[in-house]
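Just so you know, all these numbers are worked out from the coordinates, no wet-lab data involved. From a predicted model like this one, the values you see are computed outputs, not experimental measurements. Backbone-built Cβ (ideal geometry, glycine too); neighbour counts: all protein chains shown.
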Amino acid sequence: MKTKLLLLTLTTLCTGALGAAEAPKVGAPAPNFSLPAADGKTHSLGDFKGKYVVLEWFNPGCPFVQKHYKSDNMQTLQKEFTAKGVAWLTIDSSAPGTQGNLTAEEAKKQMSELKMGSTALLLDPDGKVGHEYHATNTPHMFVVDPAGKLIYEGAIDSNASYDPADIKGSTNYVKAALEESMAGKPVANAETKAYGCSIKYAH
Amino acid sequence: MIFSLRYRSLALSLSALLLCPLAAHSQKYQGRELVEARLLADVAAVAPGQPFTAGLLLEMVPGWHTYWQFPGDAGIPTEINWQLPPGWKAGPIQWPVPLKLDEPGDIQIYGYHDEVLLLVSLTPPLKIAGASVHLAAQADWLVCEKICIPGGAKVQLDLPVGAPATPANTELFAKYQERLPRSLPESGGAALHWDRQPNELKLTILDRSLARSSSLDFFPLPEAPTITGHPRRSQAKDGSVVFTIPVESAPPGLQSLGGLLVAEDLAFSLGKEALTATPKTASDGLLKLLLFGFIGGFILNLMPCVLPVISLKIFGFIQHAGDSRGRIFGNGLAFTAGIFAWFIGLALLMVGLKSAGHEITWAFQFTNPYFVVAMSAVVLVFALNLFGVFEITLPAAATTGLLGWSAREGYAGSFFQGVFATVLATPCTAPYLGTALGFAFAQSAGIILLMFVAIAAGMGAPYLLLSAQPAWLRFVPRPGPWMVRVKQFMGFLLLATLLFLLWVIGVARGIDAAIWVSAFLLALSIGCWLFGSFSTPAASGKQRGIVLGLVLVLVLSSGLYCIGQKFRASKIASSLTMEGWIPFSPERVQNELAQGHSVFVDFTAAWCITCKFNEASVLESAAVKSAFARYGIVKMKADWTNADPVVTKTLKQFDRVGVPLYVLYPATAPNQPIVLPELLTQALVLNHLQSAAPKVAASP
């Protein structure tokens with residue numbers, strides 16, 4: 001535990017010291033990672049080379065996440081794009097003892113309860129991948145193109161609120177980025193400010 | 001984004017009014033009320049037409065926070081949607097200075113703990129029906145500790161109508177009024193400086209009193225679509241504090257951010273985000289400045305340091321008077337192209353250096369001693385050529401009777417003459433040009449380029465005009481043998497220019513440096529003579545090769561020794577005449593002002609001819625000198641000969657990128673320095689001095 005704490009402190013210090021230089025930039029390659037999933041399998045970003053990949057930071061307790069799950073907005077999006085061959089990785093970076101931290105068992109339950117359409121729900125309790133991507137919010141969205149390049153980073157849509165009534169009438173940036181890129185067009189809004197709850201990282 | 005915000009407000013109020021479960025009065029979590037919301041006013045009764053302040057008071061249980069207008073990495077700001085009687089107006093939320101809170105994982109948020117009063121100015125209509133008013137608002141917030149819970153409440157307040165308004169809740173409102181950021185004082189613009197770099201913005205706090213505060217912080221207020229990272233604070237050697245704010249995404253031309261400058265117990269608001277050119281002012285302001293650039297470029301032709309080249313050029317036109325019209329126009333075009341080439345090259349260099357983060361200022365080449373040395377060498381070689389020591393195709397070979405000159409060579413000659421004329425012109429910051437360039441340097445690459453093109457067009461216009469209308473050359477004498485004499489005389493003019501350059505070197509680097517440069521120039525002259533005498537077209541190829549080799553060895557070795565070693569080792573020294581003048585420093589200015597003395601600052605450089613002219617004919621004239629003494633105005637000289645960084649910074653504060661600059665700080669209004677024009681007259685300076693004089697001293 002002590003070493004783990006030390007390691008975490010070091011990671012935090014490093015990310016803090018190096019700041020934005022470390023954050024993956026839109027247009028640059030998305031950093032590879034491997035994480036265990038709810039089903040016990042391990043998934044790597046590299047496994048999905050040649051496919052579009054959506055990364056979605058998740059915390060079932062966060063009202064902003066609930067906005068998109070209770071309204072079925074997120075699931076619809078997941079199903080629409082996984083049907084088009086997109087890999088959708090939902091990532092939970094809540095540290096043990098914080099809101100949204102899930103065991104593999106609990107994660108499995110969440111997936112069926114929420115009727116999630118993700119390719120996998122990945123568990124990142126030490127926040128390693130979250131830090132690597134400089135993910136700050138739930139939900140916080142990233143889109144990676146088939147060449148492994150980051151093409152979108154930021155909010156799920158244009159309306160920073162927790163009210164599900166606001167979903168109708170807002171622009172879904174993830175949908176737009178995927179559709180534009182698939183049509184061979186540049187992504188118009190490639191970087192937006194993510195909104196939501198802070199990710200519950202370990203101290 | 002505006003649309004979506006509006007939509008959200010609409011949606012929020014609709015859902016609040018109708019059926020949204022989130023809009024509850026209370027917000028219980030584990031049996032605790034997390035936030036209590038109340039609507040208050042700073043008056044006990046409202047008077048028609050009299051604005052007052054209302055406040056949304058949020059009381060959070062310990063450990064929980066609500067958010068500021070910019071929530072930081074996560075969260076959303078509190079919203080107030082007013083439901084006011086008809087005719088009432090509500091202002092924007094005035095946000096007290098928030099706390100910066102760090103969450104695990106390098107997440108930074110801005111919010112309020114315990115209690116906050118969000119202030120809003122309300123204006124009742126001129127007529128209020130009834131004896132009381134009912135004010136209501138839907139307030140929505142997000143409250144977080146380790147987890148986040150949305151909350152909302154319909155808050156309301158009934159107030160009697162009475163005149164005049166009587167104060168209420170004074171203590172609470174005073175406490176939060178005190179916590180509102182102040183607007184930066186008048187002179188505050190000079191206390192800070194924004195610098196845009198490709199992936200970050202740098203905010204430099206020059207004001208010492210602020211910079212000394214160890215807790216000084218910058219809270220950014222980026223406006224969508226701008227996305228910024230966490231500001232990093234660093235201390236510069238000169239005591240100023242620099243905040244580096246990573247820019248992750250921004251509209252083109254973003255130059256500064258809005259935000260708060262937060263010190264121990266006070267905070268300043270830095271206004272709104274600024275872009276280089278908002279569409280409206282851009283077309284208008286830019287056109288005007290491009291016109292200034294054009295006029296400035298034209299005036300460059302009349303500047304003392306270009307004069308010799310102008311004569312050279314006019315002489316060139318005489319030469320071409322016998323040619324065909326097309327050829328004359330071609331030469332005019334080539335010459336203008338030379339001017340354009342230099343300015344565009346310079347603009348590209350500026351853009352490059354600017355993006356590399358260097359302090360770039362007009363005439364910066366002349367503060368680089370090696371540039372001056374190179375210029376000296378070029379001027380000398382041209383002079384020797386005019387004297388006939390050696391002949392190359394430049395710049396006036398035709399006059400020597402070499403009629404076999406090809407048109408192509410002629411155009412090339414004109415082209416380089418254009419370049420040469422412009423090289424000499426740059427240090428003379430003509431009136432208008434200073435302002436125009438000051439503007440251009442804060443601008444994007446495209447505008448800098450445009451600005452330089454405008455200057456080039458201004459400078460090239462007369463030549464192009466003359467070559468297109470060669471008929472006007474009728475008034476110029478016909479070519480003849482006298483031209484050789486004129487050419488030689490031009491050589492002396494160039495030597496005079498060389499004297500000036502050597503003096504610049506001497507002033508900047510001392511007598512030894514000037515002598516070592518002269519020694520190199522001597523070797524260069526011998527080289528030219530060797531080349532002209534022994535490498536003639538009549539000589540054999542072998543001889544020409546040997547001579548060329550000898551010349552190269554001579555020039556290179558003398559260059560390496562005289563310039564590379566001796567000159568390089570020379571010390572930087574500036575010997576502007578300081579008699580009667582105090583060396584400039586911003587602190588000294590403040591000191592004198594504090595003692596009630598008006599201060600006049602002459603920003604000058606040893607190589608600035610306009611400065612010399614102003615000093616000799618105006619500032620050092622008997623009338624002006626005695627006026628300075630009579631009114632007790634302190635005279636300071638800021639020496640920019642070696643591009644002193646403190647002086648550069650001050651120049652920038654006045655939106656200038658070069659000297660001359662004349663600033664008068666009146667003791668009566670120390671924060672409103674008066675900038676005098678670049679070309680001074682005695683009457684003008686005397687007028688200004690009198691206005692800055694202490695009123696008592698004005699009596700005889």
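How high is the relative contact order of the range B:86-245? Use alpha-carbon pairs under 8 Å, at least six apart in sequence, and give a whole percent. Mind showing how you got there, number by number?
Values: 191 pairs, mean separation 25.0, N = 160.
Contact order relative to length: 16 percent.
Counting beta carbons within 10 Å around each of A:Asp126, A:Asp92 and listing the fewest first gives the order A:Asp126, A:Asp92. In order along the range B:147-158, the Karplus-derived 3J(HN,Hα) couplings, from 6.51 cos²θ - 1.76 cosθ + 1.60 at θ = phi - 60°, round to 10, 10, 9, x, x, x, 7, 8, 9, 8, 8, 10 Hz, and Gly and Pro are given as x.
Ellipsoid semi-axes for the range B:183-275, based on the Cα gyration tensor and the rule √(5λ), read 21, 14, 12 Å when sorted largest first. Relative contact order of the range A:69-203, taken over Cα pairs closer than 8 Å and 6 or more residues apart, is 27 percent.
If you take the alpha carbon radius of gyration of the range A:51-198 and divide it by 2.2 N^0.38 Å, what ratio comes out, to two decimals?
Numbers: Rg = 14.2 Å, N = 148, 2.2 N^0.38 = 14.7 Å.
Rounded to two decimals, the normalised Rg is 0.96.
Only lysines eight or more places from B:Lys175 in sequence, or on another chain, were considered; those with a Cα closer than 26 Å are B:Lys89, B:Lys100, B:Lys154, B:Lys272. Near the amide H of B:Thr641, within less than 5 Å, lie the amide hydrogens of B:Ala606, all on another chain or at least 5 residues away, with H placed in the peptide plane.
Here the relative contact order of the range B:520-589, from alpha carbon pairs under 8 Å that lie six or more residues apart, stands at 33 percent.
Taking each of A:Lys49/A:Lys109; A:Lys128/A:Lys168; A:Lys193/B:Lys202; A:Lys49/A:Lys168; A:Lys84/A:Lys200; A:Lys67/B:Lys28 in turn, the alpha-carbon distance tops 27 angstrom for A:Lys49/A:Lys109; A:Lys128/A:Lys168; A:Lys49/A:Lys168; A:Lys84/A:Lys200. The charge dipole of chain A, taken about the Cα centre with unit charges on the Cβ atoms of Lys, Arg (+1) and Asp, Glu (-1), comes to about 160 debye, rounded to the nearest 20. Taking amide H atoms as placed 1.01 Å from N in the peptide plane, the amide H of B:Ala45 lies under 5 Å from those of B:Thr166, each 5 or more residues away in sequence or on another chain. With only alpha-carbon atoms in the gyration tensor, what are the semi-axes of the equivalent ellipsoid for the range B:95-141, in Å, largest first? So the equivalent ellipsoid measures 38, 11, 8 Å along its semi-axes.
What list do you get for A:Lys168, B:Lys566 if you sort them by fewest beta carbons within 10 Å? Could the numbers behind the result be given before it?
Working: A:Lys168 11, B:Lys566 16.
Ascending Cβ contact count within 10 Å gives the list A:Lys168, B:Lys566.
I need the Debye-formula profile for the range A:24-71: one equal scatterer per C-alpha, no solvent, reported as log10 I(q)/I(0) at q = 0.17, 0.21 1/Å, two decimals. Debye intensities relative to I(0), on a log10 scale: -0.74, -0.94.
By other beta-carbon atoms within 10 Å, ranking A:Asp157, B:Asp114, B:Asp106 with the fewest at the front produces B:Asp114, B:Asp106, A:Asp157.
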